[in-house]
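Asks: Got a structure for you, written out below as C-alpha cells; questions coming shortly.
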Amino acid sequence: MDLDGILYKIGEIAEAFTGKSIQWIKDIVNPTPSQKPPRFKFLKKLIKRELTVHEFLSLNLQLSFIFYLVFALLLVVLFGNELYLTIISVVYFIYLRYILIKNRDFFIEVEPYRFFYYGLTAIGFLSFLGYLLIRRFAKNVYYFYAYLIAIFVIVLLFRYIYKSKFTRDWTYGVVEDIKGELVLVSVHDDIRANVKPGKYWVDNTEDVEVGDVVKILIEERIFRSSIPKRVLEVHKAKPSSSETSTEPKAESEKSTSK
C-alpha cells in the first residue's frame, strides 16, 4: 500500500472514531430510554445468585455511589482541591443521570431512586466541599462544629422529605411456599419500603396459593433494612418466577402520583 492509501485509511479510521465518539457523548449527555435491558456482564460475574433487572440496577446504583464516595474522599484527603472534587462529582452525576434515564422502564418505580440518589449525591458533594472550605478558611474549631451541625441538619431534612414523599409500610411479594399460617414470599428490592431482595417467611391469614402476588406489611428497623411480617391482601395471581415483578404497575403508578 502506498503512502496515499495509508493516509486515506488513517483518515477513514479517524472519521469513524470521531463519529462514534460524538454519538457516544450525545448519548451520555442526552440519554433516551432503552428498549433493551442492560446486560450487567461484570455484576453477574460477582453475584452468583439470580437477580432481576430491577435488582441489578439497584445494586449498580449502590456500588457506584460507594465508589464515588471513596474516590471523592481520597481526592479530598490527598489533594484537597475543590476543582478535582467538582470534576469527579460532575462525572458521577452524569453517569447517575444516564443510568436512571436510560433504564427508566426497567425500574419498578424510578422516581424514588432518582430522588434518593440525586439527594445523596448533592449532600455528599456539599459535605466534601464544605470540609475543604472550612479547612482553608476556618479561624477556630467552632467553624468545624457549625459545619458538622449544618450537615447533620441537611441529612435529617433530606430524610424527612424522602420519608414523607416516598416511604411506605408495605411492599409486594410472590408466594413461593405455604406451611400452615406461614407463607414464603419472594420480595424484590424495594427502596420505598426499605426492604432488601430475598425470600421471607411471613404470617398469613388470607386465602393464598403459590404464585399469588400479595401485599405485605413490613416492620421498620432503625439503621437496618425493614423486614416483611404479614400478608395484608392478595392483589392478584400470576405464575411465580424470579423474573416476575412483585409491584403491580397500576398500584405503583397510583402510589407515585400521591
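Asks: I'd like the full set of residues that are in a helix (DSSP H, G or I), surrounded by 13 or more Cβ atoms within 10 Å (Cβ to Cβ) and not charged (D, E, K, R), limited to segment 26-61.
Replies: Scanning segment 26-61 gives Ile28, Leu43, Val53, His54, Phe56, Leu57, Ser58, Leu59, Asn60, Leu61.
Asks: If you go through segment 195-230 one residue at a time, how many are outside any strand (DSSP E or B) and open to solvent by 70 Å² or more (accessible area, probe 1.4 Å)?
Replies: Count: 8.
Asks: Being open to solvent by 50 Å² or more (accessible area, probe 1.4 Å) and in a helix (DSSP H, G or I) is the requirement here; does Phe65 meet it?
Replies: No.
Asks: On the given criteria, is Arg192 under 27 Å from Leu61 (Cα atoms), surrounded by fewer than 13 Cβ atoms within 10 Å (Cβ to Cβ) and modelled with pLDDT under 95?
Replies: no
Asks: I need a count of the residues in segment 36-52 that are touching a helix residue (DSSP H, G or I) at 6+ places or on another chain (Cβ under 8 Å), more than 16 Å from Tyr98 (Cβ to Cβ) and in contact (Cβ under 8 Å) with a residue 40 or more places away in the chain.
Replies: Number of matching residues: 1.
Asks: Another question about this same structure. If only one of Val187, Val183, Val214 is modelled with pLDDT of 90 or more, of a type in the set (A, V, I, L, M) and more than 27 Å from the chain's Cα centre (by Cα), which one is it? Working first, answer last.
Replies: On the way: Val187 fails: more than 27 Å from the chain's Cα centre (by Cα); Val214 fails: more than 27 Å from the chain's Cα centre (by Cα).
Only one candidate qualifies: Val183.
Asks: Out of (1) more than 29 Å from Tyr131 (Cβ to Cβ); (2) touching a residue at least 24 places away in the same chain (Cβ under 8 Å); (3) open to solvent by less than 50 Å² (accessible area, probe 1.4 Å), what's the single condition that is false for Gly19?
Replies: (2)
The values are calculated or read from the model by the stated rules, or taken from the named source; none is laboratory data. All values derive from a computational prediction rather than experimental measurement. Neighbour counts are summed over all protein chains in view; Cβ atoms, including those assigned to glycine, are modelled from backbone coordinates with ideal geometry. Accessible surface is based on the protein model in full, side chains and every heavy atom, while ligands, DNA and RNA are left aside. Shrake-Rupley method; radii C 1.70, N 1.55, O 1.52, S 1.80 Å.
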